[in-house]
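Report on the structure given below.
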Amino acid sequence: MKAIFDEEAKKYNVYPLDDRGTGRLISPKPTPSDPKRKHFTFYAGATRLAETASPNTKNKSHSITAEIELKSKSDSGIIVASGGSSAGFALYVQNGKLVYHYNYFDDARYVITSKESLPIGKSTVRFDFAYDGGGTGKGGTGKLYINDKLVGEGRIDKTVAARFGIDTFGIGEDTGSPVANSYKLPFRFTGIIDKVDIDLK
(Lines give C-alpha, C1' and ligand atoms only; values in the text may rest on other atoms or scores of the structure.)
Protein backbone atom coordinates (compact mmCIF):
# COMPACT_ATOMS: atom_id res chain seq x y z
CA MET A 1 0.00 0.00 0.00
CA LYS A 2 2.81 2.41 0.85
CA ALA A 3 4.48 1.79 -2.50
CA ILE A 4 1.20 2.37 -4.36
CA PHE A 5 0.56 5.57 -2.40
CA ASP A 6 4.08 6.79 -3.13
CA GLU A 7 3.68 6.05 -6.83
CA GLU A 8 0.32 7.82 -7.06
CA ALA A 9 1.52 10.78 -4.97
CA LYS A 10 4.42 11.35 -7.34
CA LYS A 11 2.16 10.93 -10.36
CA TYR A 12 -0.33 13.57 -9.16
CA ASN A 13 2.20 16.00 -7.62
CA VAL A 14 1.03 15.47 -4.03
CA TYR A 15 4.50 15.84 -2.55
CA PRO A 16 5.84 17.43 -0.45
CA LEU A 17 3.53 16.47 2.42
CA ASP A 18 3.67 18.57 5.58
CA ASP A 19 2.18 17.03 8.70
CA ARG A 20 3.71 19.48 11.15
CA GLY A 21 1.35 21.08 13.64
CA THR A 22 2.43 24.22 15.45
CA GLY A 23 5.80 23.93 13.69
CA ARG A 24 4.19 25.51 10.65
CA LEU A 25 3.64 28.68 12.69
CA ILE A 26 7.40 29.00 13.22
CA SER A 27 8.41 28.00 9.71
CA PRO A 28 5.31 28.12 7.51
CA LYS A 29 5.04 26.73 4.01
CA PRO A 30 4.97 29.27 1.19
CA THR A 31 1.46 30.49 0.42
CA PRO A 32 -0.05 32.45 -2.47
CA SER A 33 -0.19 35.50 -0.20
CA ASP A 34 3.57 35.40 0.46
CA PRO A 35 4.85 38.59 -1.24
CA LYS A 36 8.17 36.88 -1.99
CA ARG A 37 6.50 34.14 -4.00
CA LYS A 38 6.33 34.98 -7.69
CA HIS A 39 5.96 31.63 -9.51
CA PHE A 40 3.08 29.14 -9.31
CA THR A 41 2.48 25.91 -11.24
CA PHE A 42 -0.91 24.20 -11.53
CA TYR A 43 -2.04 20.99 -13.20
CA ALA A 44 -5.34 19.79 -14.62
CA GLY A 45 -7.75 18.94 -11.82
CA ALA A 46 -6.88 21.92 -9.61
CA THR A 47 -10.41 23.30 -9.33
CA ARG A 48 -12.60 25.15 -6.86
CA LEU A 49 -9.65 26.77 -5.10
CA ALA A 50 -10.61 29.77 -2.99
CA GLU A 51 -9.55 33.07 -4.51
CA THR A 52 -7.35 33.70 -1.48
CA ALA A 53 -5.56 30.39 -2.12
CA SER A 54 -4.72 31.34 -5.71
CA PRO A 55 -2.02 33.68 -7.06
CA ASN A 56 -2.94 37.32 -6.57
CA THR A 57 -2.59 38.81 -10.07
CA LYS A 58 -4.21 42.11 -9.06
CA ASN A 59 -2.42 45.47 -9.22
CA LYS A 60 0.66 44.06 -10.90
CA SER A 61 2.06 42.83 -14.18
CA HIS A 62 1.86 39.07 -14.63
CA SER A 63 1.88 36.25 -17.14
CA ILE A 64 -0.08 33.02 -17.54
CA THR A 65 1.64 30.32 -19.57
CA ALA A 66 -0.04 27.02 -20.42
CA GLU A 67 1.20 23.92 -22.18
CA ILE A 68 -1.80 22.42 -23.93
CA GLU A 69 -2.66 19.90 -26.61
CA LEU A 70 -5.58 19.99 -29.02
CA LYS A 71 -6.68 16.68 -30.48
CA SER A 72 -9.05 18.24 -33.02
CA LYS A 73 -10.26 21.63 -34.29
CA SER A 74 -13.39 21.27 -32.16
CA ASP A 75 -11.51 21.14 -28.84
CA SER A 76 -12.41 24.03 -26.57
CA GLY A 77 -12.81 25.04 -22.95
CA ILE A 78 -11.29 26.81 -19.99
CA ILE A 79 -7.54 26.80 -19.44
CA VAL A 80 -7.74 28.86 -16.24
CA ALA A 81 -10.49 30.93 -14.67
CA SER A 82 -10.73 32.99 -11.49
CA GLY A 83 -13.83 34.69 -10.17
CA GLY A 84 -17.23 34.62 -11.80
CA SER A 85 -20.13 36.69 -13.06
CA SER A 86 -19.48 39.45 -10.51
CA ALA A 87 -15.83 39.89 -11.58
CA GLY A 88 -12.86 37.83 -12.69
CA PHE A 89 -10.81 36.59 -15.62
CA ALA A 90 -10.73 33.56 -17.86
CA LEU A 91 -8.25 32.25 -20.44
CA TYR A 92 -9.89 29.76 -22.76
CA VAL A 93 -10.15 28.21 -26.21
CA GLN A 94 -13.29 28.82 -28.27
CA ASN A 95 -13.93 28.32 -31.98
CA GLY A 96 -10.29 27.40 -32.43
CA LYS A 97 -9.06 30.72 -31.02
CA LEU A 98 -7.31 31.65 -27.79
CA VAL A 99 -9.40 34.10 -25.75
CA TYR A 100 -8.77 36.18 -22.64
CA HIS A 101 -11.85 37.69 -20.97
CA TYR A 102 -11.66 40.18 -18.10
CA ASN A 103 -14.89 40.95 -16.27
CA TYR A 104 -14.84 44.21 -14.32
CA PHE A 105 -17.86 43.88 -12.02
CA ASP A 106 -20.07 43.22 -15.07
CA ASP A 107 -19.78 46.95 -15.72
CA ALA A 108 -17.03 46.57 -18.32
CA ARG A 109 -15.83 43.47 -20.12
CA TYR A 110 -12.54 43.31 -22.00
CA VAL A 111 -12.04 40.52 -24.52
CA ILE A 112 -8.82 39.77 -26.38
CA THR A 113 -9.05 37.09 -29.08
CA SER A 114 -6.18 35.60 -31.06
CA LYS A 115 -6.05 36.53 -34.73
CA GLU A 116 -4.85 33.03 -35.54
CA SER A 117 -6.27 29.61 -34.73
CA LEU A 118 -4.51 27.26 -32.41
CA PRO A 119 -2.66 24.39 -34.09
CA ILE A 120 -3.66 20.77 -33.64
CA GLY A 121 -1.23 19.05 -31.32
CA LYS A 122 0.92 20.51 -28.58
CA SER A 123 1.44 24.23 -28.16
CA THR A 124 2.41 26.78 -25.55
CA VAL A 125 0.02 29.66 -25.05
CA ARG A 126 0.63 32.75 -22.98
CA PHE A 127 -1.19 35.82 -21.72
CA ASP A 128 1.01 38.74 -20.64
CA PHE A 129 -0.42 41.68 -18.73
CA ALA A 130 1.60 44.89 -18.42
CA TYR A 131 0.10 46.87 -15.55
CA ASP A 132 0.05 50.66 -15.91
CA GLY A 133 0.93 51.22 -12.26
CA GLY A 134 0.24 54.43 -10.39
CA GLY A 135 -1.99 52.87 -7.73
CA THR A 136 -4.52 50.07 -7.35
CA GLY A 137 -7.24 49.10 -9.78
CA LYS A 138 -5.49 50.70 -12.74
CA GLY A 139 -5.49 49.41 -16.30
CA GLY A 140 -2.93 47.81 -18.52
CA THR A 141 -2.24 46.08 -21.81
CA GLY A 142 -2.86 42.40 -22.42
CA LYS A 143 -1.11 40.32 -25.09
CA LEU A 144 -1.79 36.79 -26.30
CA TYR A 145 0.91 34.50 -27.66
CA ILE A 146 0.83 31.10 -29.34
CA ASN A 147 4.23 29.40 -29.39
CA ASP A 148 5.88 32.77 -28.62
CA LYS A 149 4.16 34.49 -31.56
CA LEU A 150 2.08 37.56 -30.72
CA VAL A 151 -1.45 36.82 -31.93
CA GLY A 152 -3.61 39.30 -30.03
CA GLU A 153 -3.40 42.52 -28.04
CA GLY A 154 -5.81 44.83 -26.27
CA ARG A 155 -6.35 47.36 -23.51
CA ILE A 156 -7.93 46.55 -20.17
CA ASP A 157 -8.82 50.01 -18.88
CA LYS A 158 -9.99 49.05 -15.39
CA THR A 159 -9.03 46.17 -13.12
CA VAL A 160 -10.35 44.90 -9.80
CA ALA A 161 -8.19 46.16 -6.94
CA ALA A 162 -9.24 43.67 -4.25
CA ARG A 163 -11.58 40.64 -4.33
CA PHE A 164 -13.43 39.30 -7.36
CA GLY A 165 -16.14 37.86 -5.11
CA ILE A 166 -17.12 34.46 -3.77
CA ASP A 167 -16.37 32.44 -6.90
CA THR A 168 -13.28 30.27 -7.14
CA PHE A 169 -10.11 29.63 -9.14
CA GLY A 170 -9.70 26.58 -11.34
CA ILE A 171 -7.74 24.88 -14.08
CA GLY A 172 -9.59 23.21 -16.96
CA GLU A 173 -13.10 24.35 -16.04
CA ASP A 174 -15.09 27.29 -14.67
CA THR A 175 -17.12 26.44 -11.58
CA GLY A 176 -19.64 28.57 -9.74
CA SER A 177 -20.88 31.35 -11.98
CA PRO A 178 -19.28 32.06 -15.39
CA VAL A 179 -16.65 34.77 -15.81
CA ALA A 180 -17.75 35.29 -19.43
CA ASN A 181 -21.21 35.18 -20.94
CA SER A 182 -19.90 33.56 -24.13
CA TYR A 183 -19.85 29.99 -22.77
CA LYS A 184 -21.90 27.66 -20.60
CA LEU A 185 -20.60 26.14 -17.39
CA PRO A 186 -18.46 24.28 -16.63
CA PHE A 187 -16.89 24.67 -20.11
CA ARG A 188 -14.40 21.90 -19.39
CA PHE A 189 -11.33 21.84 -21.58
CA THR A 190 -11.70 18.98 -24.05
CA GLY A 191 -8.04 18.92 -25.04
CA ILE A 192 -5.14 18.21 -22.68
CA ILE A 193 -3.62 20.65 -20.21
CA ASP A 194 -0.11 19.60 -19.20
CA LYS A 195 0.45 22.51 -16.83
CA VAL A 196 -0.28 26.17 -16.20
CA ASP A 197 2.39 28.55 -14.88
CA ILE A 198 1.52 31.92 -13.36
CA ASP A 199 4.31 34.43 -12.84
CA LEU A 200 3.88 37.66 -10.89
CA LYS A 201 6.11 40.60 -11.74
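The values are calculated or read from the model by the stated rules, or taken from the named source; none is laboratory data. Because the structure is a prediction, the values reported are computed rather than measured. Heads up, the Cβs are rebuilt from the backbone with ideal geometry, glycines too, and the neighbour counts pull from every protein chain shown. In case anyone asks, the SASA skips ligands and DNA or RNA and just uses the protein heavy atoms, side chains included. Shrake-Rupley method; radii C 1.70, N 1.55, O 1.52, S 1.80 Å.
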With the cut-off at 1.5 for a/c, could you classify the chain from its C-alpha gyration tensor as rounded, prolate or oblate?
oblate
Carbon + sulfur, % of accessible area of segment 132-180 - ligands and nucleic acids excluded, 1.4 Å:
49 percent
Net charge of neighbours whose Cβ lies under 14 Å from the Cβ of residue 61, counting Lys and Arg as +1 and Asp and Glu as -1
+4
Could you check the simple spin-label distance between residue 14 and residue 161, using points 7 Å along Cα→Cβ, in nm with one decimal?
4.4 nm
Over all distinct Cα pairs, what is the inverse of the mean 1/r for segment 78-183, reported as the Kirkwood hydrodynamic radius in Å?
14.0 Å
Under 18 Å between alpha carbons - lysine pairs in segment 129-201 that sit 8 or more apart or on different chains
4
Set of aspartates and glutamates with alpha-carbon distance to residue 73 below 17 Å, sequence-local pairs under 8 removed
116
With unit charges on the beta carbons (Lys and Arg positive, Asp and Glu negative) and the dipole taken about the Cα centre of the chain, which residue among 165, 72, 46 sits farthest to the positive side?
165
Whole-Hz Karplus couplings 3J(HN,Hα) for segment 96-112, θ = phi - 60° and coefficients 6.51, -1.76, 1.60, Gly and Pro as x, run x, 9, 8, 10, 10, 10, 10, 9, 9, 6, 6, 8, 9, 10, 10, 10, 10
What does the accessible area per residue of the chain come to in Å², with a 1.4 Å probe and no ligands, DNA or RNA counted?
53 Å²
Before anything else, pin down the relative contact order of segment 42-103: Cα pairs under 8 Å, at least 6 apart, normalised by residue count, whole percent.
22 percent
Percentage, to the nearest whole number, of Cα pairs in segment 131-201 over 16 Å apart:
68 percent
